[in-house]
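The values are calculated or read from the model by the stated rules, or taken from the named source; none is laboratory data. On a predicted model such as this, the values are computed, not experimentally measured, just so you know. Counting neighbours? That spans all protein chains shown, and the Cβs are built from the backbone with ideal geometry, glycine included. Each accessible area value is taken on the protein alone, full model and side chains, heavy atoms only, with ligands, DNA and RNA left out. Shrake-Rupley method; radii C 1.70, N 1.55, O 1.52, S 1.80 Å.
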Amino acid sequence: MGHVIEYHTLDRNADRNQFIADMDEVVRAEDYLEGGYYDGSQLTWHDDTVYDTREDAEQAIKGFIRYDYDDHAVLFHDTDDLELKPSKARQAMEERLNRLILEREQYIAAHHVNARASEFIGCAHCGSRISRKYLRSDDCPVCGHELRPKSTLDRIASFDKRIRSLSLRLREDKQAAERKASGKAPVRWLVKTEYHC
């Protein structure tokens, strides 16, 4: 038993009745023990606005939803098939992000408790002293607290913050490029369906 929410992409001139029939067939197969079916009346087609990107279309659908099993279809410019050449600035950001991720992984590996030279590792929280050869993680096996020093954790948090910030900037840059190129993209339906199985 479950609750399934799916998004489907259809051609603009797709047969709506055929889509509903196909959904009904899927739901009947998934929910055959309980006699489930897909009620086409729960799906509203909005053909008054064409959204620039798939993300914009998903946000619009979320704004239409008022209750469970409230399905909607909206038109959008499908930029997924477009070959968007990244700008030099975006390429530089992507390279910097990849470098940051690699630096973070190397830093974590170099500062793992097993990389220490001392034979015993002390836990600052519970005071236990554990032989390094028995440690499998950076957590104290007695109390579960972190064994790495605060300075190491702060550095990892700094890496994470810079990675999140750069990822967000890259995502915004990609969205702006998609919006700019959306006029060249084909218009398709984004259909949200919801059913019980």
Selection count where residues are farther than 18 Å from residue 9 by Cα and open to solvent by 70 Å² or more (accessible area, probe 1.4 Å), scope region 53-103: 15
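Here's the yes/no breakdown for (1) open to solvent by less than 60 Å² (accessible area, probe 1.4 Å); (2) more than 29 Å from residue 100 (Cα to Cα):
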| site | (1), (2) |
| --- | --- |
| 124 | no, yes |
| 133 | no, yes |
| 139 | no, no |
| 155 | no, no |
| 159 | yes, no |
| 170 | yes, no |
Flag if residue 80 is assigned to a helix (DSSP H, G or I), at pLDDT below 90 and touching a strand residue (DSSP E or B) at 6+ places or on another chain (Cβ under 9 Å): yes
From 54, 66, 129, residue being out of contact with any Ser or Thr (no Cβ under 7 Å at 6 or more places or on another chain), of a type in the set (D, E, K, R), over 30 Å from residue 194 (Cα atoms) and modelled with pLDDT of 90 or more: 129
Long-range neighbours under 6 Å by Cβ, at least six apart or interchain, first residue more than 28 Å from residue 159 (Cβ to Cβ) and charged (D, E, K, R) within region 111-135, second modelled with pLDDT of 90 or more and open to solvent by 70 Å² or more (accessible area, probe 1.4 Å): 129/120
Near pairs, Cβ below 6 angstrom, 6+ apart or cross-chain, from region 23-36 (in a helix (DSSP H, G or I)) to any residue that is modelled with pLDDT of 85 or more and not aliphatic (A, V, I, L, M): 23/38; 23/193; 24/38; 27/38; 27/195
Residues of region 27-52 classified as exposed (fewer than 15 other Cβ atoms within 10 Å of the Cβ) and among the β-branched types (Val, Ile, Thr), total: 2
